[in-house]
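Below is one structure, written out as structure tokens, with a few remarks after it.
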Amino acid sequence: MPATATFPIFDALSLRREFPILNQQINGKPLAFLDSAASSQKPRRVIDCLEDYYRRYNANVHRGIYKLSEEATFAYERARGKVAKFIGAASPREVIFTRNTTEAINLVANAWGGANIRAGDRILLTVMEHHSNIVPWQMLAQRTGAKLDYIGIDGQGRLVLDDLDRLLTERTKIVALTHQSNVLGTINPVRLIAERAHACGALVLLDAAQSVPHMAVNVAELDADFLAFSGHKMCGPTGIGALWGRRNILEAMPPFLGGGSMINLVELEQSTYADVPSRFEAGTPAIGEAIALGETVDFLNSVGMETIYHHEHELLCYALDRLLVVPGLIIHGPNTLEERGATIAFSLEGVHPHDVAAVLDSEGIAVRAGHHCAQPLHRILDVPATTRASFYLYNIPEEADRLAVGLEKVRKLFA
Ligand code: 7TS
């Protein structure tokens, strides 16, 4: 098994050494990776864990009566247990492995939505959602005749809670919202929203793609009914994510995809289905990736989610100080720092975001430019695109300095 490193006192510089990819030059400059909101980098021990599976005990799970398959099954189910504990689930059976957040939300929209949503029902979303928490609901609404409602945002990119009170009715069957915006960085008051939604009899789905990697998330404390997140944004592999759901709700849900592993008995005309979570894991899963996600959870725990949150918060404050003095720079999202994570989307007057990103790339700084899969939000911000710098546990203040200097260079070039 790969060696494990622990970081009792946070030391971003030694932590960086655990991420081999960060130690390289891009365009002759040290890489400053500021795009973890799109996908994070992976520490050595996660890469080693994945390789260890493929080298040493690769076999299908829940099938073979031979040593390798038993070992793979044990490691796969142990990873489920680690993920469950990481998010405060009552039982590993409440955790379904999916490919990513997108698949997890589609699972709920199809399986739960198909069984529970009728014509005239309302589905409540927010205007700051990623497309993966909009399009599956649009598809469900089109199939069923349900209607979508949207909670708006104020001038600082915070949800307008009056909209919640106005739009929540007994027709609202589910409120699906992001825990933390991938553009504005806004951390939404999800516990309060869940209380109000439950008082109206609606369920709550949290898109936690941008929160689980960055802060301690406990599903019991948040009082959610479903929670979706992706491994690749939390230092884990691509191709693996998870859906957590309350056990009684999951147990009442019909399957999502049909096939092997999700059945009890198959006859020519009909089948009966396996218990949760197997019912929702049709076909051969991403076995090595799930096991490596378990290793990722161990890694994040070794650093500590509180420590990660505080480190990122310090980076956020530091970076905002540096960026706020760049002339012509508009930062989107809350200026109340407790209400936001370390994702900073901005516009630079007179320069297209793609040009900003290209110049920064020439300085070795990786940021994302575009609509970040949040077109409705950008329409409200009244910009076609933004540039986004997103920080994670391996980033250091010097990278925020380089970003600010890089933006000065952009301004001079496009003056
Ligand atoms: N929800 C949120 C809030 C996200 O930020 C993303 C990905 C997703 C869902 C979808 O995750 P996936 O793993 O299923 O693709 N966000 C981004 C981003 O901001 N830039 O690239 C991907």
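Here the peptides 324-331, 375-382 are ranked by packing, the mean other Cβ count within 10 Å, and the order with the highest first is 375-382, 324-331.
Extension gain for Leu192-Leu148 works out to 13.8 nm (0.36 nm per residue, less the C-alpha to C-alpha distance). Counting protein heavy atoms only, segment 344-415 has 56 percent of its accessible area on carbon and sulfur, 1.4 angstrom probe.
Could you check the simple spin-label distance between Ser39 and Ile249, using points 7 Å along Cα→Cβ, in nm with one decimal? Modelled inter-label distance: 2.9 nm.
Here Ala115 and Ile65 are evaluated by their C-beta separation; at R0 = 30 Å the FRET efficiency comes out at 0.25.
For segment 178-192, the residues whose amide N sits under 17 Å from a probe point set 7 Å from the Cα of Glu221 along the beta carbon direction are 179-180, 187-192. Ignoring aspartates and glutamates fewer than eight residues from Lys412 along the same chain, the ones with Cα atoms less than 18 angstrom from its Cα are Glu349, Asp355, Asp361, Glu363, Asp401. Extension gain for Glu314 to Arg379 (0.36 nm times residue separation, less C-alpha to C-alpha distance): 20.4 nm.
Near Ala146: Cβ cut-off under 12 Å, other residues only, Lys/Arg at +1 and Asp/Glu at -1. The net charge is +4. Sorting 260-268, 234-242 by average packing, meaning the other beta carbons within 10 Å per residue, from highest down gives 234-242, 260-268. In a shell of Cβ-Cβ distance under 13 Å around Tyr76, excluding Tyr76 itself, what net charge do Lys and Arg (+1) and Asp and Glu (-1) give? Once all neighbours under 13 Å are counted, the net charge is -2. In the chain, the DSSP beta bridges split such that about 60 percent are antiparallel, to the nearest 5. Placing pseudo-labels 7 Å out from each Cα toward the beta carbon at Leu265 and His354 gives an inter-label distance of 5.9 nm.
For the peptides 115-124, 218-227, 102-111, residues were scored by their other Cβ atoms within 10 Å and the scores averaged per peptide; the highest-first order is 102-111, 218-227, 115-124. Per residue, the average separation of C-alpha pairs within less than 8 Å and at least 6 apart gives segment 304-346 a relative contact order of 41 percent. With contacts taken as Cα pairs under 8 Å and at least 6 residues apart, segment 206-276 reaches a relative contact order of 21 percent. Separation of segment 123-154 and segment 186-259, taken as the distance between their Cα centroids, equals 16 angstrom. Sort segment 161-313 into rounded, prolate or oblate with this rule: let a ≥ b ≥ c be the square roots of the eigenvalues of the Cα gyration tensor; rounded if a/c is under 1.5, and if a/c is not under 1.5, prolate when a/b is larger than b/c, oblate otherwise. In terms of gyration-tensor shape, oblate.
In this rough spin-label picture, where each label sits 7 Å from Cα along the Cβ direction, the Cys200-Glu306 distance is 3.5 nm. Rolling a 1.4 Å probe over the protein heavy atoms gives the chain an accessible area of 41 Å² per residue. Using the Cβ-Cβ distance between Arg55 and Ala415 with R0 set to 56 Å, the FRET efficiency works out to roughly 0.55.
Cβ-Cβ distance of Arg17 and Leu161, R₀ of 51 Å, FRET efficiency by 1/(1 + (r/R0)^6): the value works out to about 0.70. Straight-line cross-link partners of Lys42 among the lysines, defined as a Cα under 20 Å from its Cα and at least 8 positions apart when in the same chain: Lys82, Lys233.
Summing charges over all other residues whose Cβ lies under 10 Å from the Cβ of Asn264, with Lys and Arg as +1 and Asp and Glu as -1, gives 0.
The values are calculated or read from the model by the stated rules, or taken from the named source; none is laboratory data. This structure is a prediction, so every number in the text was calculated from the model and none was measured. For neighbour counting, all protein chains shown are included, and Cβ atoms are generated from backbone atoms with ideal geometry for every residue, glycine included. Quick note on the areas: whole protein, heavy atoms, side chains included, nothing else; ligands and nucleic acids left out. Shrake-Rupley method; radii C 1.70, N 1.55, O 1.52, S 1.80 Å.
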